Amino acid sequence: MQIDYAKALVTGGSSGIGLEIARQLRLRGADVAICGRDGSKLQRMADLMGALPIVADVSREDEVVQMVATVIERFGDYNVLINNAGFGSFAPLMETSLEEMQRVYATNVFGAMLCARESARYFIRQSYGNIVNVASTSGQRGSAGGTAYSSSKFALSGMTECWRGELRRHNIRVMQINPSEVQTNFFSVAGHERPLSDRKLRPLEIAHAVLAMLEMDDRGFVPEISVWATNPD
């Protein structure tokens, strides 16, 4: 697609990977809406790039329905969902509570499903659309402490394959990107500080990959791509 034709919604778009994807889309001329739960932060980031801010919690069905309706109303069209909202939670199995598992899945899995479902309703009507799910290399291979987070990304990968099977005949491309470790506030929010390095990935590398996937001519698509740092510390 031509990026300047994009009418995009980026969930979790006020920080980290989502913010950079939204910024790069705007720099290329796309109309972009970003969503998040922190209204003041969301407004600041939206003002900086000229995006449409929508305060919404993707784990709440009513808010997702209204969010997608707002994008369509404000842009007059809608053709790209960047399903990015998510967070990490890491603990050994014996210390993982059902409540924490449910909290992670509410956003990372159920929230992604709700956003894709509501977007697909519109995309099917117009016989065109793009869904990019931001998963993780943690969803390709589990590791100690990853019961909640890794399994949520494995689930997202499974849903991606299901949606692709359903939506291709409607001219809807369903794609997935798997970032490895990216230097954002992801780990600090999860309670695990990581040192900064000029050799590890930045959100910019992930944004570049997403734009490359989108701008391929609509007759083809990249089902899945993983992005690793070349030689991290």
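Numerical summary
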item: Restricting the range 215-233 to residues that are of a type outside the set (Gly, Ala, Ser) and part of a strand (DSSP E or B), the residue that is farthest from Gly165 (Cα to Cα); result: Val227
item: Helices (runs of 4 or more DSSP H) fully within the range 1-106 counting 3 or more residues that are within 26 Å of Leu156 (Cα to Cα); result: 16-27, 61-75, 98-105
item: Every residue from the range 130-147 that is free of Cβ contacts under 8 Å to residues at least 60 places away in the same chain and buried (at least 22 other Cβ atoms within 10 Å of the Cβ); result: Ile131, Asn133, Ala135, Ser136, Gly139, Gly146
item: Residue list for the range 192-214, restricted to those being assigned to a helix (DSSP H, G or I) and surrounded by fewer than 13 Cβ atoms within 10 Å (Cβ to Cβ); result: Ala212
item: Criterion violated by Asp57 - all others in (1) in contact (Cβ under 8 Å) with a residue 12 or more places away in the chain; (2) charged (D, E, K, R); (3) surrounded by fewer than 16 Cβ atoms within 10 Å (Cβ to Cβ) satisfied; result: (3)
item: Residues within the range 107-129 that are under 20 Å from Pro223 (Cα atoms), surrounded by fewer than 16 Cβ atoms within 10 Å (Cβ to Cβ) and not small (Gly, Ala, Ser), tallied; result: 1
item: Which numbered condition Thr160 fails, given (1) in contact (Cβ under 8 Å) with a residue 60 or more places away in the chain; (2) more than 18 Å from Gly12 (Cα to Cα); (3) surrounded by fewer than 23 Cβ atoms within 10 Å (Cβ to Cβ); result: (3)
item: Residue in the range 117-128 that is within 22 Å of Val227 (Cβ to Cβ), modelled with pLDDT of 95 or more and either assigned to a helix (DSSP H, G or I) or touching a Pro at 6+ places or on another chain (Cβ under 6 Å) (or both) present; result: no
item: Residue count, the range 13-29 (criterion: more than 17 Å from the chain's Cα centre (by Cα) and either crowded, with 20+ Cβ neighbours inside 10 Å or touching a residue at least 40 places away in the same chain (Cβ under 8 Å) (or both)); result: 1
item: Subset of the range 135-172 [under 15 Å from Phe90 (Cβ atoms), in a helix (DSSP H, G or I) and in contact with a Lys or Arg (Cβ under 9 Å, 6 or more places away or on another chain)]; result: Thr137, Ser138, Gly139, Ala148, Ser150
item: Condition met for Arg121 (farther than 24 Å from Ile17 by Cβ and in contact with a helix residue (DSSP H, G or I) (Cβ under 9 Å, 6 or more places away or on another chain)); result: yes
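Matching residues to (1) of a type in the set (Ser, Thr, Tyr); (2) within 15 Å of the chain's Cα centre (by Cα):
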residue	(1), (2)
Tyr128	yes, no
Gly145	no, no
Tyr149	yes, yes
Leu156	no, yes
Gly165	no, no
Arg169	no, no
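The values are calculated or read from the model by the stated rules, or taken from the named source; none is laboratory data. Computed from a predicted structure; not experimentally measured. Cβ coordinates were reconstructed from backbone atoms using ideal geometry, including for glycine residues, and neighbour counts include every protein chain displayed.
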